[in-house]
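> Shown below is the structure under consideration.
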There are 2 protein chains.
Amino acid sequence: MEFQDCFPVWEKLTSAQKNEISENLRSRSVKKGDIIHSGNADCSGLFVIKSGQLRAYILSDEGREVTLYRLFERDICLLSASCMIRSIQFDITVEAEKDTEVWVIPAEIYKKIMEESAPAANATNEIMASRFSEVMWLIEQIMWKSMDKRIADFLLEEASIEHTSRIKITHEIIANHLGTHREVVTRMLRYFQNEGMVKLARGTITLTDQEKLKSVCNA
Amino acid sequence: MEFQDCFPVWEKLTSAQKNEISENLRSRSVKKGDIIHSGNADCSGLFVIKSGQLRAYILSDEGREVTLYRLFERDICLLSASCMIRSIQFDITVEAEKDTEVWVIPAEIYKKIMEESAPAANATNEIMASRFSEVMWLIEQIMWKSMDKRIADFLLEEASIEHTSRIKITHEIIANHLGTHREVVTRMLRYFQNEGMVKLARGTITLTDQEKLKSVCNA
């Protein structure tokens, strides 16, 4: 896969802008579990994902986490270059959930192009709107969806991302994704197991009745 | 106050773009309590607030509300023109909290200018980033701040917006702002009253010890 294929605004840039990006584009490999971006001060640049998977989350003072969204192949991570946009007044952390390869456009290069190119600025707008939409979805989940639905939804999403019904994950990690406590997750998973929807084993959860899990989500 | 004073990107537009806006700019007056924008399908345009106060919120299927942010004089309401940005995939409602005067730039006019002008597109980016930041602040509040702190914070903010320590508001309305139930608010306000921080009367809450309320927020 080529960089241009993952960077839709490419065709609308001038030759000078394309050259500027090409000359400054870097590749970076990160291992599963690595923190690739942390907080507002860390303005690494725009990440364009070649392969792998990233997770963006926020951290409380006490170290609690909530997952905001995930990024996959061809997605663009904008908030790792949040210094480019003055009004972004929040800190997120981005971690590699799998071994990941990214292209990095340094923030100062992208910022300059965005200032002179309406197509680049509008493309940036669309990326921010996508992330904003995911966060709005999350607020609705947190405010109005009970934890049984959120956990059922999370399990189905994981199974879909990993293309398997046997998910390798701990209860602690699910709690971190959803911003709750491990005990809450464990209690709910045991209930799901009693209802025949999952089978629990050390470090894995097997979805044994996805239709029934879906009916929990939609109840 | 002139429109140009509230629309910072004005000086960076071409004469043709300025003319296009001037020719299509409308004024609109809304009464306190009026819904000025509702949902994604309603793409009224960009509102620039001349005077008054707007509230943006989300609604659950059951009619529960949470306030996302407020907009004041000189603020620009972008999400009332959300059709301009394809990736905005959520619905908000905007209501006038006071009698309000806005200038409206029709969505199709603004969209056209944004597509050709990098300064306009970047200004739009900054507006979206501001709203995104307010929503991120809200998520942190919801996830990690207990209801006593959120109510104390809300009372102090109301007092500051209204320039008075005697706030005219019902417990029901506070509950709607914070996405909780009236009973929760009433119970907490009674606790605040017992602690000497507020004095409750029918339809009003008087803040009698703002320093102590601040200490609740920062505890």
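> Based on this model, can you work out whether A:E73 counts as within 27 Å of B:R86 (Cβ to Cβ), open to solvent by 10 Å² or more (accessible area, probe 1.4 Å) and in contact with a Gly (Cβ under 8 Å, 6 or more places away or on another chain)?
yes
> Is it the case that A:A121 is within 9 Å of another protein chain (Cβ to nearest Cβ) and either of a type in the set (G, A, S) or touching a Leu at 6+ places or on another chain (Cβ under 6 Å) (or both)?
The answer is yes for A:A121.
> Enumerate the pairs (first residue in the range B:11-34 and on the phi > 0 side of the Ramachandran plot; second residue anywhere and not β-branched (V, I, T)) with beta-carbon separation below 9 Å, excluding pairs fewer than 6 apart on the same chain, so at least 6 apart or on different chains.
Cβ pairs passing all conditions: B:G33/B:E95; B:G33/B:A96; B:G33/B:E97.
> Here's another thing I want to ask about it. Filter the range B:16-69 down to the residues that are at pLDDT below 95 and among the charged types (D, E, K, R) and list them by number.
Correct list: B:D42, B:D61, B:E62, B:R64, B:E65.
> I've got another one for you. Across the range B:93-113, which residue is farthest from the chain's Cα centre (by Cα) among those that are within 13 Å of chain A (Cβ to nearest Cβ) and open to solvent by less than 10 Å² (accessible area, probe 1.4 Å)?
For the range B:93-113, the residue satisfying everything is B:I113.
> Another question, if that's okay. In contact (Cβ under 8 Å) with a residue 24 or more places away in the chain, open to solvent by 70 Å² or more (accessible area, probe 1.4 Å), away from chain B (no Cβ under 14 Å) and of a type in the set (F, W, Y) - does that describe any residue in the range A:170-192?
Within the range A:170-192, one or more residues are in contact (Cβ under 8 Å) with a residue 24 or more places away in the chain, open to solvent by 70 Å² or more (accessible area, probe 1.4 Å), away from chain B (no Cβ under 14 Å) and of a type in the set (F, W, Y).
> Let me ask you something else. Of everything in the range B:126-169, what is open to solvent by less than 30 Å² (accessible area, probe 1.4 Å), among the basic types (K, R) and more than 19 Å from B:D209 (Cα to Cα)? Give them in sequence order.
Result: B:R131, single match.
> In the range A:68-92, what residues are within 14 Å of another protein chain (Cβ to nearest Cβ) and either aromatic (F, W, Y) or over 22 Å from B:M128 (Cβ atoms) (or both)?
Across the range A:68-92, the qualifying residues are A:Y69, A:F90.
> Right, next: So for the range B:149-165 (the condition being among the hydrophobic types (A, V, I, L, M, F, W, C), within 14 Å of chain A (Cβ to nearest Cβ) and touching a helix residue (DSSP H, G or I) at 6+ places or on another chain (Cβ under 7 Å)), does at least one residue qualify?
No, every residue in the range B:149-165 fails to be among the hydrophobic types (A, V, I, L, M, F, W, C), within 14 Å of chain A (Cβ to nearest Cβ) and touching a helix residue (DSSP H, G or I) at 6+ places or on another chain (Cβ under 7 Å).
> Name the one entry in A:R86, A:R64 that is open to solvent by 40 Å² or more (accessible area, probe 1.4 Å), closer than 27 Å to B:N218 by Cα and free of Cβ contacts under 8 Å to residues at least 12 places away in the same chain.
A:R86
> Let me ask something else. Here are some conditions: (1) without any contact (Cβ under 8 Å) to a residue 40 or more places away in the chain; (2) within 27 Å of A:S146 (Cα to Cα). B:D42 meets all but one. Which one does it not meet?
(2)
> Taking interchain pairs and intrachain pairs at least six residues apart, which have beta carbon atoms under 7 angstrom, with the first residue in the range A:109-134 and in contact (Cβ under 8 Å) with a residue 60 or more places away in the chain and the second of a type in the set (S, T, N, Q)?
Pairs found: A:I109/A:N24; A:I113/A:Q17; A:S117/A:Q17.
> I'd like the full set of residues that are open to solvent by 70 Å² or more (accessible area, probe 1.4 Å) and assigned to a strand (DSSP E or B), limited to the range B:29-61.
Once the filter is applied, which keeps residues that are open to solvent by 70 Å² or more (accessible area, probe 1.4 Å) and assigned to a strand (DSSP E or B), the range B:29-61 yields B:S29, B:I35, B:K50, B:L59.
The values are calculated or read from the model by the stated rules, or taken from the named source; none is laboratory data. Quick caveat: nothing in here was measured; it's all calculated off a predicted structure. When we count neighbours, we look across all protein chains shown, and the Cβ atoms used for this are built from the backbone with ideal geometry, even at glycine. Quick note on the areas: whole protein, heavy atoms, side chains included, nothing else; ligands and nucleic acids left out. Shrake-Rupley method; radii C 1.70, N 1.55, O 1.52, S 1.80 Å.
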